[in-house]
Amino acid sequence: MDSFRQKTVLVVEDEALIRFTIADTLEDAGYAVLEAASVLEAVGKLGQHEHIDLVLTDVDMPGGLNGIDLAKMVAECAPKISIIVSSARSARDLAGLPDVAYRLAKPCTAAMLLSTVGNVLKAKERVGRETRRQSA
């Protein structure tokens, strides 16, 4: 059953030290972690790995696409994947974020990160169970 599989998080952050710190925190908590330094690299990882449960992305990234663009793509093309957008910007500055995306304010503690990731994944599992029950 899928609920017993280790959950996989794709961390998308251009700042290497921040990305490594987030990845280490998630791995220490038992998550499998994939890393990407740009939206284009993240899209490649999404195409290569079929069992990504959550995308955790920063907003500001190098290149022509940002974390909001990535969140929109994931929400539209891979609705089973949960989305967390991490930013120091105000909620008003994140206009255009898909309704299914959760926001994680920067800076945050490891405890806040793990709590948010855990809660978002649990919420997605509850929705999945309810959908399966309704279609049975």
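Look at the alpha carbon pairs under 8 Å that are at least 6 residues apart: their mean separation over the length of the chain gives a relative contact order of 20 percent. Backbone amide hydrogens, once placed in the peptide plane, bring residue 34 within less than 5 Å of 9, 10, 11, excluding anything fewer than 5 places away on its chain. Principal axis analysis of the Cα atoms in region 2-135 yields extents of 42, 32, 29 Å, listed in decreasing size.
Note on the chain: helix-only mean residue ellipticity at 222 nm, from DSSP H runs of 4+ residues weighted -39500 (n - 2.57) and normalised by residue number, equals -14500 deg cm²/dmol. Treat region 1-53 as a sphere of radius equal to its Kirkwood radius over Cα pairs and apply Stokes-Einstein at 4 °C in a medium of 1.567 mPa s; give the translational diffusion coefficient in µm²/s, rounded to a whole number. Approximately 113 µm²/s, per Stokes-Einstein. Only aspartates and glutamates eight or more places from residue 80 in sequence, or on another chain, were considered; those with a Cα closer than 15 Å are 2, 50, 53, 99, 125, 130.
Every number in this text was worked out from the coordinates using simple rules, so none of it is lab data. Keep in mind the model is a prediction, meaning the values are calculated, not measured.
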